[in-house]
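First the structure, in the form of structure tokens, and then the observations on it.
The values are calculated or read from the model by the stated rules, or taken from the named source; none is laboratory data. As the structure is a computational prediction, the values presented were derived from the model and not from experiment. When we count neighbours, we look across all protein chains shown, and the Cβ atoms used for this are built from the backbone with ideal geometry, even at glycine. All accessible areas refer to the heavy atoms of the entire protein, side chains included, with ligands and DNA or RNA removed. Shrake-Rupley method; radii C 1.70, N 1.55, O 1.52, S 1.80 Å.
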Amino acid sequence: MKYRRIMIAAPKSGSGKTTITCALLQTLINEGYQAVSFKCGPDYIDPMFHEQVIGVPSRNLDTFFTGEEQTRKLFLKHASGDGFAVLEGVMGIFDGLGGVRKEGSSYHLAQVTETPIVLVVDAKGMGRSLIPMLAGFLAYDKEQLIRGMILNRMSEGYYEIMRALIEKELGLSVLGFLPEKKELYVESRHLGLVKPDELTGMKEKMMSLAGEFVKTVSLKAILEIAESAKAFGDAENAESNKNAEDLGVNKDISTDRPVIAVARDEAFCFYYADNLCMLEENGAEIKFFSPLHDDRLPESCHALLIGGGYPELYADKISENRLMRTAVKQAVEKGMPVVAECGGFMYLHAAIIDKEGTRHDMAGVIPRQCSDTGKSVRFGYIELREKHSHFLPEGEIIKGHEFHYYDSTNSGEDVLAVKPMTGREYSCIMEGDNYWMGFPHLYYPSNPAFAKAFVEKAAQYRRKMTDREKGVK
């Protein structure tokens, strides 16, 4: 099947990948294209910009999490034959697992999905030195996937000089440039970009950015590169790749769908779309609630999913919402299944101690506290191996990642975490028959059995509640 697609990658982080990707997506929408986006790697915030600001459906793809075959299937599941797929790279184009392995890299994802690459280069402070640098990247591109480039932070006058040199000496198409305009940049913090809902006028900024983009970058050339992408499988294979069995979906879905209450607001917003989709495909109904703004859980819910985010930034408001904190604690104490990751794990503690040393009461499920360490505690990919059969059979692995500055006085001992590059091991996660709570963020498609087990635990709780209401012992 023919999918128009392109990847925006760069030699290093901070080159302008997100800026160019957002500009391209907004331009495509303005021109009437049906666009979808994919973010390479375990990133939550870039997809938020794509979806919340521009209105483009966005998913994560990661060859470390799901390998080559499953990654292709996930791409085919969400790409549209009539649309336009934009893949946004991560870090430097060849930087994968541990910065040295191909798995998880932008280039490996482009290989797996057979996607042509446009390289974004931060050209500020560079002249002819761009040419040997680019020559090295082109020489390392064994699949000849790099089909063009965009120069970021460059003046119009100097662009014309450099474009002619690059195209003459390297034969690489230079598709355009973006001038340096600080008012269009997105702020950042220790865990990455600031969330779009924290910024004012983002839609207007994206429109302005797209307006600049169409003036200085050739959309026609980008479309031609995307059109040149090889046919990706065929219609029959694409359909089979979308079926439930291939993607780890439980076909035996009961009509009595258990409700999983998912915390989602300004403080809790880090969710992989494919994780939530996999819960629904296994039979769950998703209902969202806000630990910040709501005073009760969704009616008739049967499990809790509390994802990551920035609870430390909203600790005062969370602490003030005693009704919700009490409701969550009572639900868990009654045996309601719960999965809590990173910020959600912090929320279930007795308290969060912020960087000023102020205590903020939390839900109190875990009689411990979290505090700011002032530095990154854990960072990067991990494989999580079950010590006991609860959410997965003993010894099975689900993949995820960690990235947090806060730490707990007890981060759990029930699951073994393994760093895939070094093999270093450490225990983490508080786990039992009905709960999985810890700092790691999980990616369910890396082991679909986790999502299936979570939904089944919610269904069991639902049946238990129904029997109790009927007076069945």
Residue-normalised accessible area of the chain, expressed per residue, 1.4 Å probe, Å²: 42
Zone residues, region 395-439, relative to SER389, backbone N less than 18 Å from point 7 Å out along Cα-to-Cβ: 395-398, 415-416, 431-435
Share of carbon and sulfur in the accessible heavy-atom surface of the chain [1.4 Å probe, %]: 47
Average Cα contact separation per residue, region 1-120, under 8 Å, 6 or more apart, as relative contact order %: 40
Peptides ranked, highest mean first, by Cβ atoms within 10 Å: ranges 348-359, 391-402: 391-402, 348-359
Stretch gain in nm, segment GLU224-LYS355, where the contour uses 0.36 nm per residue and the Cα spacing is subtracted: 42.1 nm
Per residue, the convex hull volume that the Cα atoms of the chain enclose (Å³): 151
Cα pair distances of region 296-429 binned at 10 Å [whole percent]: 11, 40, 34, 14, 1
Separation between Cα centres of region 284-339 and region 32-78, rounded to whole Å: 27
Value of relative contact order over the chain, rounded to a whole percent, pairs C-alpha under 8 Å and six or more apart: 13
At most 14 other Cβ within 10 Å, DSSP loop - trypsin sites (Lys or Arg not before Pro), region 262-298: ARG296
Prolate/oblate/rounded label for region 1-83 (Cα gyration tensor, a/c 1.5): oblate
Entries in LYS124/LYS375; LYS399/LYS452; LYS181/LYS215; LYS39/LYS220; LYS124/LYS182; LYS329/LYS387 that, when Cα-Cα distance is taken, lie over 20 Å: LYS124/LYS375; LYS39/LYS220; LYS329/LYS387
Relative contact order, percent, region 47-187 [alpha-carbon distance under 8 Å, six or more residues apart]: 16
Label-point separation, SER13 to LYS182 (7 Å along Cα→Cβ), nm: 2.3
Using a Förster distance of 45 Å, the FRET efficiency for ALA231-LEU313 (Cβ separation, nearest 0.05): 0.45
Gain upon complete extension [SER129, GLU212; 0.36 nm per residue less C-alpha separation]: 27.3 nm
Histogram of C-alpha separations across region 266-325, 5 Å bin width, %: 4, 17, 24, 24, 17, 10, 4, 0
